[in-house]
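Scroll down for the structure; my scribbles are underneath it.
Any read-out appearing in this document is the output of simple, stated calculations on the displayed coordinates, not a laboratory observation. Just so it is clear, the model here is predicted, and its values are computed rather than measured. As a convention, Cβ positions derive from the backbone with ideal geometry for all residues, glycine included, and neighbour counts pool all protein chains shown.
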Amino acid sequence: MEITSIAIDAVDLGNDYHGDIIKLAEQNKKFILDLFNKLTSKAKKLFGERDKGWEIVEIQLNLSCDNPMLLPHVHYPEEGKKKMIIRTIDCFFSSKKGYRINDCKLIYQLSHEICHTLYPTGDNNVIFLEEGISVYFSFRCLHDYALESIRNKPEYLRIEKYIKDSGSQIDGIKYGKALEYVKKLGKNVDAIGSIVRELRVKTPIISNLLFSDLEKIGIEDNLAHNLVSQFPIS
Ligand SMILES: [Zn+2]
């Protein structure tokens, strides 16, 4: 089911740019909602349905700042209530003429967080498998939505560079590790998706999966151990 009434907003950082970001969010509301719905149906098709007890109440565009909580993430605004806010950071270009949406950053961050919203934990404590699926899906979506449609246009080089830079930024660090483990699950995106859906039949919340659940469906011991390890928060 499509979401049509989600709020598009920004955190009030109390800075001079806040009004501009709110305006940008407002002006691009339809684009952001359409993109959100498109990425969500792709994620659900691959990794299974969203936990229906939870509701996404808002998508935010934000500027980065010194606050470490303002990395892209799923925010749970009210303790004990099953509500989620998707926070994206710096998904725009700024110039003398003002701000405009950076589509590839938005695709990259939205698709990552959308995966987390399918099987929320309520506290951002996740295992490597959950984080790896998000990273994997982000790259897939960049290729599928950002590159194919503009193969012969000038933006192609910009987006290709962005993917390359993102790849080298995560290479060797924890997100890179998570991606590497998930890639070992299957030979292509359909094979990986089908394993994730199979695992979610008994345990819909991915981060509740145990070593034995992965072992049962034939995932090799070492990989299973890595995938169910707790993903470090900082
Ligand atoms: Zn994540």
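Quick notes on this structure:
- Summing charges over neighbours of Gly53, with a neighbour being any other residue whose Cβ is under 13 Å away from its Cβ, gives +2 when K and R count +1 and D and E count -1.
- For His73, distant residues with modelled amide H under 5 Å away: Arg87
- Summarising the label geometry, the points placed 7 Å from Cα in the beta-carbon direction at Gln230 and Arg197 lie 3.3 nm from one another.
- For Gly98, net neighbour charge (Lys/Arg +1, Asp/Glu -1) across residues whose Cβ lies under 12 Å away: +3
- Magnitude of the charge dipole, the range 13-128, Cβ model with Lys/Arg +1 and Asp/Glu -1, debye to 20: 540 debye
- Residue separation of Ala7 and Lys183 scaled by 0.36 nm, minus their Cα-Cα distance, works out to 59.9 nm of gained length.
- Take the Cα of His18, step 7 Å toward its Cβ, do the same at Glu49, and the gap between the two points is 4.0 nm.
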